[in-house]
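Throughout, read-outs are computed from the coordinates displayed, never taken from laboratory work. From a predicted model like this one, the values you see are computed outputs, not experimental measurements. Neighbour counts are summed over all protein chains in view; Cβ atoms, including those assigned to glycine, are modelled from backbone coordinates with ideal geometry.
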Amino acid sequence: MNYDPEYIKPEIRDGWNVSEKMKKVWYIYLDLLKVFAEICDKHHLRWYLCGGALIGIVRHHGFIPWDDDVDLMMPREDYNKFLEIAAGELKHPYYLRTTLTEKECFQYWASICNSETTGNRETCLSKRQNNGISIDILPYEGCEDNIHLYALRRKPLYILAVLCNTYVNDYNTSRIANIIRTILRKTGFNYIAIYKWLEKHNSKHPWSKYNYITYTLEADPELKRGLQVNFFKKEWFEKTIEMPFENTVLPVPIGYDKILTQEYGDYMTFPPIESRKAKHDMVFEPDIPYKEYCHAKYGVSYEE
């Protein structure tokens, strides 16, 4: 990666020490965003910042200094089109990672990776998958106006997704998760077939048919904050505005204030010092290709 030497200088931002390594990670994220945006512009696909990236652009005009990932969202119909064309559009070192492209991967979303870098959760680095630094693209579906009816439809989908996630990944190391994981792995649980079924089911719920949208396979909103925080009016996304983000501008849904207030409450107030930390156990080596790093550190072989 040919970094901008001025951009990657360490700095203190909003009272947080941002190292040169993290500035390199940010630079790679910005490059991935540029590549993704160019594909979407070319094919007239809709996309938006979401989660921490949306807070970042509104509150910090860039990355949240203590955050460690970039999440984007797309309408389900645009997301499916993106999956169809992305492999043909992306050239090395850029790569599309999904559950279907990797030998040992289960995720509810797609990712664009830089294959000449290393960046993922530590529990993923021992898996045979592309572990380059990546941005994540989440498909949002249309859903019923009545949240209770939607919750009933979603529950079995969520259970299936949790079983697939437990089978493949090792994020949850609780006793019950380990027991379930052992049973599933001994019985030849077919997570690929279930993933394909989930994608087929969710594709039947495009934005065009509904007044509300949601991320159906969000990992845990109903357990932590209530399902309603991820239950948005479609009109909040019907137009976009551009806002400055680091050294570029990116699209923000017109209803960003309503979206963030619903998800996070007073999102403009910084969290207390003790809560300013990364959400994931990410390992970053922006200057080392993941195949080299994962082989040396975890003995991963990417040969057939």
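Quick notes on this one:
- Loop-located trypsin sites (Lys or Arg not before Pro) in the range 79-132 (DSSP state not H, G, I, E or B) with no more than 10 neighbouring Cβ atoms inside 10 Å: LYS91, LYS103.
- Computed over the chain, the per-residue total of -39500 (n - 2.57) for DSSP H runs of n ≥ 4 gives a 222 nm mean residue ellipticity of -11500 deg cm²/dmol, rounded to 500.
- Computed from phi, the 3J(HN,Hα) profile of the range 29-44 under the Karplus parametrisation 6.51, -1.76, 1.60 (θ = phi - 60°) reads 4, 4, 5, 5, 4, 4, 4, 4, 4, 5, 5, 5, 4, 4, 10, 6 Hz, with x in place of Gly and Pro.
- Three-way shape label, the range 11-298, alpha-carbon gyration tensor, a/c 1.5: rounded
- Taking 17 Å as the straight-line reach from the Cα of LYS103, the lysines in range (excluding those fewer than 8 positions away in the same chain) are LYS127, LYS196, LYS291.
- Short-range pairs are left out: with C-alpha atoms under 8 Å and at least six residues apart, the relative contact order of the range 1-66 is 27 percent.
- Whole-number percent relative contact order across the chain, with pairs defined as alpha carbons under 8 Å at least 6 apart: 23
- Between the beta carbons of LYS239 and LYS186, assuming R0 = 51 Å, the FRET efficiency works out to 0.50 to the nearest 0.05.
- Listed residue pairs exceeding 25 Å between alpha carbons, taken from LYS155/LYS209; LYS204/LYS279; LYS24/LYS258; LYS200/LYS234; LYS24/LYS279: LYS204/LYS279; LYS24/LYS258
- Ordered from longest to shortest, the equivalent ellipsoid semi-axes for the range 120-265 are 30, 21, 15 Å, each the square root of 5 times a Cα gyration tensor eigenvalue.
- Order of ASP31, ASP41 under a 10 Å beta carbon neighbour criterion, fewest first: ASP41, ASP31
- Most simply put, the chain has about 85% antiparallel DSSP beta bridges, counting only bridges with both residues inside it.
- Cα-based reach from LYS186 at 20 Å (exclusive), listing aspartates and glutamates while leaving out same-chain residues under 8 positions away: GLU104, ASP170
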